[in-house]
Amino acid sequence: MFQKIRNLFKKKLLLNTPFSEHKAIYDFLTLHLAQMEEDAINENRNIAKDEWYKKMKKTQEKTYDIMLRSVRNHSM
């Protein structure tokens, strides 16, 4: 997707810009889109970390409940 956006901007902007500015515009767009792509990847990682944390928290709670039941059963 980012490649499509990059190509679209490149074509549209370069048609209306003096040739001397083409490289600067292309470099700027490439850098900006690379940053957007990196942000999207990091956001997905954060979502994955949050999901992992929630799963681990549930597992921890279940384990704790099992341990409590075990202690109660042995106490009686």
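The values are calculated or read from the model by the stated rules, or taken from the named source; none is laboratory data. Everything quoted here is computed from the prediction, not taken from an experiment. Cβ placement follows ideal geometry from the backbone for every residue including glycine, while neighbour counts extend to all protein chains displayed.
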Legend entry - Cross-chain or 6+ apart pairs with Cβ under 8 Å, segment 22-49 first and under 18 Å from residue 7 (Cβ atoms), then basic (Lys, Arg): 26/10; 29/6; 29/10; 30/6; 33/6
Legend entry - Matching option when the condition is modelled with pLDDT under 70 and out of contact with any helix residue (DSSP H, G or I) (no Cβ under 8 Å at 6 or more places or on another chain), among 49, 23, 11: 11
